[in-house]
Structures are given as C-alpha cells and as structure tokens.
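Working notes, structure below.
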Amino acid sequence: MTESAARRRRSQQGKIHIGKRQLVDDNEDYRTMLQPVTGMRSAAVVDESGRRTAIEHLKSCGKGFRPARKSELRRKPPAPPLDTER
C-alpha cells in the first residue's frame, strides 16, 4: 500500500468513526448500521469503495463532518525572553 493510499484509508476511517460518535450511541448500533451499507461489521476490513459508501450514508443521515481543530490554537504563546522588561 502506498503512502497516499494509507493516508486516504486513515482519513476515511477517521470520518467514519467521527460520524459514528456523532450519530449513534452504542457500538452495536454502529455495527448494525454498517452491515447493510458495506456488507461488513467493521470499518477496518472494508475496502475503499465500501468506506466511501459508508461516508456517503452517514452524510445522507444528516451527519456533516466538522473540520478538525487546529492544535496551534490550544498552545500557550511562547514565553518572552528573560532579559526583557515586563
């Protein structure tokens, strides 16, 4: 598997799991939803077309995917140098 294919797989699986957390409460409900859509009960064993189908199904259920938070926004600003006045 090439690096870009692996990156795309992780991205798709991440979207599926984000939708799972936002849409269903129980892991069993998620697997029950995934079975008729992809033919599998786990996103880990689904091929790329199945992952795309699952993402489209989650979108059709009304799930919009929020953009990820930028980690830079949560960091503290750098401390000023010690030799400067406050």
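Some observations on this one:
- Matching residues, the stretch 6-58, being part of a helix (DSSP H, G or I), under 16 Å from the mean Cα position of the chain (by Cα) and small (G, A, S): A6, S11, G14, G19, A43, A44, G50, A54
- Pick from the stretch 41-56, criterion under 15 Å from K20 (Cα atoms) and either touching a residue at least 24 places away in the same chain (Cβ under 8 Å) or in contact with a Phe, Trp or Tyr (Cβ under 7 Å, 6 or more places away or on another chain) (or both), ranking: surrounded by the fewest Cβ atoms within 10 Å (Cβ to Cβ): A44
- Residue in the stretch 16-26 that is basic (K, R) and crowded, with 17+ Cβ neighbours inside 10 Å present: yes
Here, each number is a calculation from the coordinates, and none is a lab measurement. Since this is a predicted model, take the numbers as computed values, not measurements. No Cβ is skipped: glycine too gets one built from the backbone with ideal geometry, and neighbour counts run over all protein chains shown.
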